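The values are calculated or read from the model by the stated rules, or taken from the named source; none is laboratory data. The model shown is predicted, which means the values in this text are computed figures rather than measured ones. Glycine also receives a Cβ, built like all others from the backbone with ideal geometry; neighbour counts cover every protein chain displayed. The protein model used for the area step is the full one, side chains on, heavy atoms only, and it has no ligands, DNA or RNA in it. Shrake-Rupley method; radii C 1.70, N 1.55, O 1.52, S 1.80 Å.
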Amino acid sequence: MKYPVITGPTASGKTALAVAVASRLNGEIISADSRQIYTGMDLGTGKDIDEYGSVPYHLIDIAPAGYKYNLFEYLRDAREALDDIERRGKLPVVCGGTGMYLEALVRGTRLPQVPENKALRAELQSKSLEELTDMLRAMKTLHNSTDIDTAKRAIRAIEIQTFYHNNPQLSQSVAPGEPDSRAVIIGVEIDRETRRQRISARLHARIAAGMIDEVDSLLRSGIAPEDLIYYGLEYKFITRHLTGELTLQQMTDGLEIAIHQFAKRQMTWFRGMERRGFTIHWLPFDMPKDEFVQQVITLLRP
């Protein structure tokens with residue numbers, strides 16, 4: 001059975017379109033968003049649960065905030081969800097903008113679970129982010145800035161690379177496989193200026209809706225500031241504001257710029273996927289939902 005993978009940059013409206021597809025085709029959503037995994041992180045991750053209506057969804061709110069969910073876990077959980085949905089005779093509809101998750105899933109990548117290396121972590125703990133970045137750069141090509149967004153992320157990335165170096169027989173299992181022929185990738189295309197306007201409007205709306213209070217509540221629940229900063233974007237900037245490092249204006253301005261940069265990186269990843277052999281069928285963000293669904297149906301035909 002072919003299944004749609006609906007993706008696109010942040011603020012492109014992909015969730016509502018994926019829900020329309022799932023509603024029409026007796027489907028269930030599998031999220032491909034690396035932060036909607038976590039409970040209590042709602043406004044900052046743009047879960048928009050109300051948009052799902054009666055459509056079932058998977059891989060949202062499955063781990064506590066503060067946890068470090070990873071690609072290995074995502075591939076395991078997403079494949080379990082795919083199998084479960086198909087076994088019940090329904091259509092999986094993958095939806096999200098985390099390019100690394102999407103590409104690994106449709107490529108058929110298999111990853112060994114990388115255990116925690118406490119001795120290595122202790123050794124790296126005193127190093128600066130710049131030093132960690134240099135170490136990681138010597139170990140692998142840095143395709144994006146995700147691994148070096150914070151020192152904790154960089155240490156985990158070095159831990160993973162060290163594990164593969166010490167276990168070369170396991171690193172073979174992360175070699176790219178053949179793309180999943182069942183997956184039909186549909187990109188929601190939105191022009192840069194409209195995307196920028198929507199990102200800015202959405203950010204201010206979420207701040208007004210209580211996004212700062214959401215982060216404050218997570219901090220008050222006992223989650224360490226550095227653990228929230230680990231998640232980047234909204235949680236990074238708002239935490240830095242709440243801990244007195246940034247004024248409200250500095251937080252808002254810096255976050256807005258960071259989200260625009262993030263959307264640009266997302267598009268860079270998707271274009272990279274195309275260069276790596278994946279076909280992405282781009283459909284306009286403002287296409288009427290009925291027409292979008294019909295286009296998806298056409299693309300899913302054998």
Phi-based couplings in Hz for region 21-36 (Karplus 6.51, -1.76, 1.60; Gly and Pro marked x): 5, 5, 4, 6, 10, 6, x, 10, 7, 10, 5, 10, 10, 5, 10, 6
Lysine pairs meeting the criterion (Cα under 15 Å, 8 or more apart or interchain), as found in the chain: 8
Unit Cα scatterers, Debye sum, region 1-152: log10 I(q)/I(0) for q = 0.08 Å⁻¹: -0.27
Highest-MSF residue in the chain out of Ile212, Ile30, Ile160 [GNM, Cα springs under 10 Å]: Ile160
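With every protein chain present, what is the per residue accessible area of the chain (1.4 Å probe, Å²)? Walk me through the intermediate numbers first.
Working: 14570 Å² over 302 residues.
Result: 48 Å² of accessible area for each residue.
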Rg to Rh, two decimals, where region 27-105 supplies the alpha carbon set and Rh follows Kirkwood: 0.94
Equivalent ellipsoid dimensions for region 223-264 as semi-axes, Å, which come from the Cα gyration tensor, largest first: 17, 14, 5
GNM top mover of Gly272, Gly53, Gly187 - the chain, alpha-carbon springs below 10 Å: Gly53
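Shape verdict for region 63-114, please, from the Cα gyration tensor: rounded (a/c under 1.5), prolate (a/b greater than b/c) or oblate. Let's see the in-between values first.
On the way: a/c = 1.67, a/b = 1.48, b/c = 1.13.
Because a/c hits 1.5 or more and a/b exceeds b/c, region 63-114 counts as prolate.
Given the rule -39500 (n - 2.57) for each run of at least 4 DSSP H residues, summed and divided by the residues of the chain, what is its mean residue ellipticity at 222 nm, to the nearest 500 deg cm²/dmol? Please list the in-between numbers first.
On the way: 13 runs with 157 residues, N = 302.
So the helix-based figure for the chain works out to -16000 deg cm²/dmol.
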Dipole-positive endmost among Pro56, Gln295, Ala81 within the chain (Cβ charges, Cα centre): Gln295
Cα-centre dipole for the chain with unit charges at Cβ (Lys and Arg positive, Asp and Glu negative), debye to 20: 700 debye
Projected area averaged over orientations for the chain, convex hull of C-alpha atoms, nm²: 16.1 nm²
For Asp48, distant residues with modelled amide H under 5 Å away: none
Max mean-square fluctuation residue, GNM over the chain, Cα-Cα springs under 10 Å, options Ala209, Ala11, Ala32: Ala209
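Once neighbouring chains are kept in place and the probe is 1.4 Å, which whole percent of the accessible area of region 67-165 is contributed by carbon and sulfur? Let's see the in-between values first.
Working: 2470 of 4940 Å².
Summing carbon and sulfur atoms, their accessible area is 50 percent of the total for region 67-165.
Cα gyration tensor of region 144-302, axes a ≥ b ≥ c as square roots of the eigenvalues: rounded (a/c below 1.5), prolate (a/b > b/c) or oblate?
Values: a/c = 2.44, a/b = 1.18, b/c = 2.08.
In terms of gyration-tensor shape, oblate.
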Heavy-atom accessible area order for Leu233, Leu242, largest first, 1.4 Å probe: Leu242, Leu233
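So how strong a dipole does region 217-302 carry about its Cα centre when Lys and Arg Cβ are +1 and Asp and Glu Cβ are -1, to the nearest 20 debye?
Working: 10 positive and 10 negative charges, 77 e Å.
That gives region 217-302 a dipole magnitude of about 380 debye.
Just the ratio, please: alpha-carbon radius of gyration of region 1-72 over 2.2 N^0.38 Å, N its number of residues. Could you put the intermediate results ahead of the total?
Values: Rg = 12.5 Å, N = 72, 2.2 N^0.38 = 11.2 Å.
The value comes to 1.11.
On average, how much area does the Cα convex hull of region 248-302 cover when viewed from any direction, in nm²? Kindly include the intermediate steps, with their values, before the conclusion.
On the way: hull surface 22.7 nm².
Projected area, direction-averaged: 5.7 nm².
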